[in-house]
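Where a number appears in this text, it was derived from the coordinates with a stated rule and is not lab data. Here the structure is a predicted model, which means the values were calculated and not measured. Note that we place each Cβ from the backbone using ideal geometry, even for glycine, and neighbour counts take in every protein chain shown.
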Amino acid sequence: MIRTGFLVIVMVLLSRVGRSQATDVEQAVRFTEAQATLQLEEVRRLNTPERVSPRTLDAAGRLVLVPAGDWTSGFFPGILWQLYGFTKKSKWLDAAREATAKLENEQYNGRTHDMGFKIYCSYGQGYRLTGDTAYRAVVIRSAQTLATRFNPVIGCIRSWDHNRDTWEFPVIIDNMLNLELLFAATRLTGDSTFYRIAVSHANTTLKNHFRPDGGTYHVIDYDPKTGEVKNRNTHQGYSDESTWARGQAWALYGYTMCYRETKDQRYLSKALDIAAWLMNHPHFPADGVPYWDFDAPGIPHEPRDASAAAVIASALYELHGFAPGNLELRSLADRIVHSLVTGYTAPAGTHGGFTLLHSTGSKPAGSEVDVPLIYADYYLLEALARGKTTP
Ligand code: GLY
């Protein structure tokens, strides 16, 4: 009798949890649709041939549009694709096609490693949802262009070309995300060159980008002649030895994705270690939305980074699919999403149509601190989709 009563209570509680998550997802997608409608109108009003994609708001609250070459240019088309994926409305399909087309020339841009962010989030998503062979061709060409930045002595893709007086061959942890484009190109062409570059980059990063405590370095500078590490630095974090929150999020996402693509147990184990590192970190806030750097000196009076939280949530949902017994992964992802959609969203109809507030681009540069950032919205939508479809 008591056992039956207990079971009924558990089932009622579970159904409430289930219902509240589903409600979170449905409401958040509806809210994002309304915000994106506003943002789309603004983009159509403000865009020029040079400035095509929204990134953030300026100090006066105006929408900032960036050129196609900016690392964030793919996220707005990616949001439109995801909204199409959720709703199947032709309005979002048309808007996604329109926004994606503006990035076409980026497939030839070999001056940046951000090809994955730009092209996989836009053309890659477009191909996934439509099977359009013109999108497929852009994905492949972009991977060929990205591959030109690979140095076989080091075993990595070069990240930045700027600050040549500071770094000879900088590789940043963010670069892990660009590997997804390379894995896709091998799947699409059967040419394993892209796959081998991605695996080499992931292995070299595994060796050099992590501290013994599991935190990540942001920038590793390599000697291109010997492949040796010259320096370990930060650019967007608090200090060379601190753990920049979004860097840790990119690492979690990157190794989860690399496990999906390769089934190499070392990548799964690294992703699980990073998740455990987050869960056990004394500075990880109860709501799951990190401060901009885990070692920022003024915690708890430091800006948060909602974009890092969204990336972490999306990665955790995928990781939970690979480690279904680890319920903490899913429960943390749920907690983060719940926090974001209940405590970090813009008031409806404001903030240029962004969904999330309170992200941090580069605190050391005093740039984009506690603002909406387009990639936070992109990864939130991805997390919502993954949370809905994974067990
Ligand atoms: N990839 C640049 C950033 O995360 O800010």
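Here are the numbers for this structure:
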item	result
Subset tally (residues that are within 15 Å of the ligand (Cβ to nearest atom) and more than 11 Å from THR56 (Cα to Cα)) for region 338-366	5
Qualifying positions in region 181-235 - closer than 24 Å to THR166 by Cα and assigned to a helix (DSSP H, G or I)	HIS201, ALA202, THR204, THR205, LEU206, LYS207, ASN208
Residues satisfying the stated conditions in region 243-266, i.e. within 15 Å of the ligand (Cβ to nearest atom) and either touching a strand residue (DSSP E or B) at 6+ places or on another chain (Cβ under 9 Å) or more than 17 Å from ASN175 (Cα to Cα) (or both)	THR243, TRP244, ALA245, ARG246, GLY247, GLN248, TRP250, ALA251
Lone unmet requirement of (1) part of a loop (DSSP other than H, G, I, E, B); (2) of a type in the set (Gly, Ala, Ser); (3) in contact (Cβ under 8 Å) with a residue 60 or more places away in the chain for GLY78	(1)
Subset tally (residues that are in contact (Cβ under 8 Å) with a residue 60 or more places away in the chain and not polar (S, T, N, Q)) for region 261-275	6
In region 173-186, the residues that are within 13 Å of the ligand (Cβ to nearest atom) and closer than 24 Å to ARG141 by Cβ	ASP174, ASN175, MET176, LEU177, ASN178
Residues (more than 19 Å from the chain's Cα centre (by Cα) and either buried (at least 21 other Cβ atoms within 10 Å of the Cβ) or in a helix (DSSP H, G or I) (or both)) located in region 323-358	LEU327, GLU328, SER331, THR342, GLY343, HIS351, GLY352, GLY353
Pair list, Cβ < 7 Å and 6+ apart or interchain, from region 140-151 residues that are closer than 17 Å to SER192 by Cβ to residues that are among the hydrophobic types (A, V, I, L, M, F, W, C) and surrounded by fewer than 18 Cβ atoms within 10 Å (Cβ to Cβ)	ILE140/LEU188
Condition met for ILE374 (away from the ligand (no atom under 13 Å from the Cβ), of a type in the set (A, V, I, L, M) and either crowded, with 21+ Cβ neighbours inside 10 Å or closer than 17 Å to LEU278 by Cα (or both))	no
Some residue of region 152-170 being of a type in the set (A, V, I, L, M), over 15 Å from TYR123 (Cα atoms), away from the ligand (no atom under 16 Å from the Cβ) and not in a loop (DSSP other than H, G, I, E, B)	no
Restricting region 89-127 to residues that are assigned to a loop (DSSP other than H, G, I, E, B) and of a type outside the set (A, V, I, L, M), the residue that is farthest from the ligand (Cβ to nearest atom)	LYS89
Test for ASP191: is it surrounded by fewer than 22 Cβ atoms within 10 Å (Cβ to Cβ) and over 24 Å from THR234 (Cα atoms)	yes
Check on THR48, β-branched (Val, Ile, Thr) and buried (at least 20 other Cβ atoms within 10 Å of the Cβ)	no
Number of the condition not met by GLY361 [criteria: (1) outside any helix (DSSP H, G or I); (2) out of contact with any Pro (no Cβ under 7 Å at 6 or more places or on another chain); (3) more than 21 Å from LEU46 (Cβ to Cβ)]	(3)
Tally of residues being surrounded by fewer than 20 Cβ atoms within 10 Å (Cβ to Cβ), under 15 Å from TRP71 (Cα atoms) and among the charged types (D, E, K, R) across region 149-177	1
Failed item in (1) under 20 Å from GLY254 (Cβ atoms); (2) more than 16 Å from the ligand (Cβ to nearest atom), with ARG141 passing the rest	(1)
